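Student: Handing you this structure, nothing more for now.
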Amino acid sequence: MARTGRKPTIKDLAQAAGTSPATASLVLNGGWKDHRINPDTAERVLQLAQSLGYRPNQRARALRLNRSSLAGLIVPHHRNRFFAGLTEHFEAESHMRGLIPLVASTQRDARIEQKLADTMIAQEVEFLVLAGTEEPARINALCREAGIRCVNVDLPGGLGFSVVTDNHGGARDLTRRLMGGLAPETGALFLGGRRNEYATEARIDGFRAALAESGRDPDASAIHCCGYSPQAACDTMAAIFARGGEIPKALLVNSITAFEGFARFWQAHASDLPDLRVACFDWDPFAACLPIETIMLRHDVETLIARCFAWFDGAAPRDGEIEVIPARVVVDDTQPGATVALYRSQQT
């Protein structure tokens with residue numbers, strides 16, 4: 001069929017494929033298997049749609065099917081591999097279902113977060129994922145009123161279904177490995193995160209539980225919840241050092257962005273901290289370039305997103321439920337002959 005100046009229609013496509021417009025539409029919408037359309041016919045329609053440059057009218061399709069074909073994801077930022085990984089897998093899962101992913105970041109600004117959520121709800125996204133939202137209840141309630149499925153990732157909310165990393169178990173496993181082989185009197189420091197935040201509090205509990213297991217006094221550990229910014233973490237470490245406070249030989253950092261701040265501090269004081277061992281509740285392979293023993297936790301972003309879409313595809317509401325996903329602890333001591341080992345943490 002020769003191309004003309006006008007855009008081809010579904011009737012043009014059906015005529016070229018030797019089938020009906022209804023059949024062509026079912027093939028393009030992915031419903032041909034359910035209606036027992038011949039695979040050869042489906043393949044012919046798809047190939048012709050590509051060669052003819054056929055593009056369905058998405059607005060008309062949305063009105064006809066009473067759906068927008070949009071899926072929304074709100075994240076704090078894209079700077080670390082956790083949120084970047086969530087975004088990548090969210091987009092892939094959306095495309096597999098014929099949905100158009102809308103992804104936006106808030107830079108941890110509550111006003112931007114509210115504006116983005118209101119806009120996505122107004123656009124009638126079919127599915128909204130809130131990742132790292134501190135107070136998701138308001139957005140969960142708005143989505144419920146609008147008939148939009150909403151799931152919380154990383155930080156749970158009582159009004160919606162939530163999928164989170166095993167924060168307690170992950171921090172416990174990290175701390176066990178962090179303290180392994182150290183003298184009983186060796187202290188430990190926890191750096192980063194926010195007090196009264198679900199993830200941070202669970203990680204502090206896991207940190208202290210591992211210290212208690214090893215016979216150490218968990219109440220003697222130093223907890224510095226300075227937020228997530230690199231500068232705040234660097235300034236906190238510098239303040240401890242400046243006032244003559246002892247920097248423990250074991251340090252658990254509560255995010256990769258706070259880890260950046262630690263790295264800045266360590267770069268200026270490496271000679272003062274020759275035996276430092278560090279763990280991070282986050283993962284980036286470039287941290288292995290540091291000439292100190294590094295233990296990191298990798299969130300299972302693939303499973304986190306898969307669980308979100310499994311719930312989206314299902315029928316049960318599951319409001320208020322929290323599904324906990326184990327994480328992987330990555331050990332890399334960067335010493336000659338060292339190997340990288342992967343371990344799966346146990347759910348508590």
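The values are calculated or read from the model by the stated rules, or taken from the named source; none is laboratory data. Quick caveat: nothing in here was measured; it's all calculated off a predicted structure. Neighbour counts run over all protein chains shown; Cβ positions are idealised from the backbone, glycine included.
Student: So residue 37 ticks every box in (1) at pLDDT 70 or above; (2) of a type in the set (A, V, I, L, M, F, W, C); (3) not in a loop (DSSP other than H, G, I, E, B) but one. Which box is left unticked?
Tutor: (3)
Student: Could you check how many residues of the stretch 185-197 are under 22 Å from residue 153 (Cα atoms) and touching a residue at least 12 places away in the same chain (Cβ under 8 Å)?
Tutor: Of the residues in the stretch 185-197, the ones under 22 Å from residue 153 (Cα atoms) are 192-197.
Imposing the further condition that a residue be touching a residue at least 12 places away in the same chain (Cβ under 8 Å) reduces the set to 192-195, 197.
Residues meeting the conditions: 5.
Student: Pick out the one residue from 51, 69 that is at pLDDT 65 or above and within 30 Å of residue 121 (Cβ to Cβ).
Tutor: Numbers: 51 fails: within 30 Å of residue 121 (Cβ to Cβ).
Being at pLDDT 65 or above and within 30 Å of residue 121 (Cβ to Cβ) holds for just one of 51, 69, which is 69.
Student: Would you check which residues across the stretch 141-158 are of a type in the set (Val, Ile, Thr) and either exposed (fewer than 14 other Cβ atoms within 10 Å of the Cβ) or over 12 Å from residue 120 (Cβ atoms) (or both) and list them?
Tutor: From the stretch 141-158, those of a type in the set (Val, Ile, Thr) are 148, 151, 153; that's our starting set.
Correct list: 151, 153.
Student: Next up: Hey, could you check the stretch 317-348 for residues that are at pLDDT 80 or above and assigned to a loop (DSSP other than H, G, I, E, B) and say which is surrounded by the most Cβ atoms within 10 Å (Cβ to Cβ)?
Tutor: Among those that are at pLDDT 80 or above and assigned to a loop (DSSP other than H, G, I, E, B), it is 327.
Student: Tell me, yes or no, whether the stretch 224-240 has at least one residue that is surrounded by fewer than 18 Cβ atoms within 10 Å (Cβ to Cβ), charged (D, E, K, R) and not assigned by TED's automatic domain parsing to the domain that holds residue 87.
Tutor: Yes, the conditions are met somewhere in the stretch 224-240.
Student: Shifting gears a bit: Only one residue in 185, 213, 145 is more than 25 Å from the chain's Cα centre (by Cα) and assigned by TED's automatic domain parsing to the domain that holds residue 128, so which one is that? Before the answer, list the steps.
Tutor: Values: 185 fails: assigned by TED's automatic domain parsing to the domain that holds residue 128; 213 fails: assigned by TED's automatic domain parsing to the domain that holds residue 128.
None of the other options fit; the residue is 145.
Student: Could you identify the single residue in 272, 300 that is within 24 Å of residue 166 (Cβ to Cβ) and surrounded by fewer than 21 Cβ atoms within 10 Å (Cβ to Cβ)? Outline the logic, then answer.
Tutor: Numbers: 272 fails: within 24 Å of residue 166 (Cβ to Cβ).
Exactly one residue qualifies, and that residue is 300.
Student: Of all the residues that make up the stretch 234-273, how many are part of a helix (DSSP H, G or I) and of a type in the set (Gly, Ala, Ser)? Break it down stepwise before answering.
Tutor: Applying the first criterion (part of a helix (DSSP H, G or I)) to the stretch 234-273 yields 234-242, 256-272.
Right, trim to of a type in the set (Gly, Ala, Ser) and you get 238-239, 242, 258, 261, 263, 268, 270-271.
Total satisfying the criteria: 9.
Student: Does any residue in the stretch 198-222 that is at pLDDT below 95 come within less than 6 Å, Cβ to Cβ, of a residue that is among the basic types (Lys, Arg) six or more places away or on a different chain, and which pairs are these?
Tutor: Once the first residue is at pLDDT below 95 and sits in the stretch 198-222, its partners that are among the basic types (Lys, Arg) give 218/208.
Student: Residues of the stretch 199-233 being closer than 23 Å to residue 273 by Cβ and part of a loop (DSSP other than H, G, I, E, B), which ones?
Tutor: Once the filter is applied, which keeps residues that are closer than 23 Å to residue 273 by Cβ and part of a loop (DSSP other than H, G, I, E, B), the stretch 199-233 yields 214, 216, 217, 221, 225, 226, 228, 229.
Student: Mind checking which pairs have a first residue in the stretch 301-322 that is outside the structural domain of residue 132 (by TED's automatic domain parsing) and touching a residue at least 40 places away in the same chain (Cβ under 8 Å) and a second that is surrounded by 15 or more Cβ atoms within 10 Å (Cβ to Cβ) and among the basic types (Lys, Arg), Cβ under 6 Å, 6 or more apart or different chains?
Tutor: Pairs that qualify, where the first residue is outside the structural domain of residue 132 (by TED's automatic domain parsing) and touching a residue at least 40 places away in the same chain (Cβ under 8 Å) and the partner is surrounded by 15 or more Cβ atoms within 10 Å (Cβ to Cβ) and among the basic types (Lys, Arg), are 312/149.
Student: Filter the stretch 137-154 for residues that are under 14 Å from residue 308 (Cβ atoms) and out of contact with any Cys (no Cβ under 8 Å at 6 or more places or on another chain) and give the result.
Tutor: 148, 152, 154 - these are the residues of the stretch 137-154 that are under 14 Å from residue 308 (Cβ atoms) and out of contact with any Cys (no Cβ under 8 Å at 6 or more places or on another chain).
Student: Of everything in the stretch 92-117 that's surrounded by fewer than 18 Cβ atoms within 10 Å (Cβ to Cβ) and charged (D, E, K, R), which residue is nearest to residue 304 (Cα to Cα)?
Tutor: Taking the candidates together, the pick is 97.
Student: In the stretch 155-173, what residues are touching a Cys at 6+ places or on another chain (Cβ under 9 Å) and at pLDDT 95 or above? First the steps, then the outcome.
Tutor: Of the residues in the stretch 155-173, the ones touching a Cys at 6+ places or on another chain (Cβ under 9 Å) are 157, 159-161, 163.
Result: 163, single match.
Student: State which residue is nearest to the chain's Cα centre (by Cα) when the search covers only the stretch 90-106 and only residues that are modelled with pLDDT of 95 or more and either closer than 20 Å to residue 283 by Cα or in a strand (DSSP E or B) (or both).
Tutor: 90
Student: Out of the stretch 93-124, which residues are among the aliphatic types (A, V, I, L, M), without any contact (Cβ under 8 Å) to a residue 12 or more places away in the chain and closer than 22 Å to residue 256 by Cβ?
Tutor: If the condition is that a residue be among the aliphatic types (A, V, I, L, M), without any contact (Cβ under 8 Å) to a residue 12 or more places away in the chain and closer than 22 Å to residue 256 by Cβ, then 112 is the only one that fits.
Student: Something else now. Quick one: what pairs do we get from the stretch 262-282, first residue farther than 21 Å from residue 177 by Cα and free of Cβ contacts under 8 Å to residues at least 60 places away in the same chain, second among the hydrophobic types (A, V, I, L, M, F, W, C) and not in a loop (DSSP other than H, G, I, E, B), C-beta under 6 Å, 6+ apart or different chains?
Tutor: The qualifying pairs are 264/234; 265/234; 265/237; 265/238.
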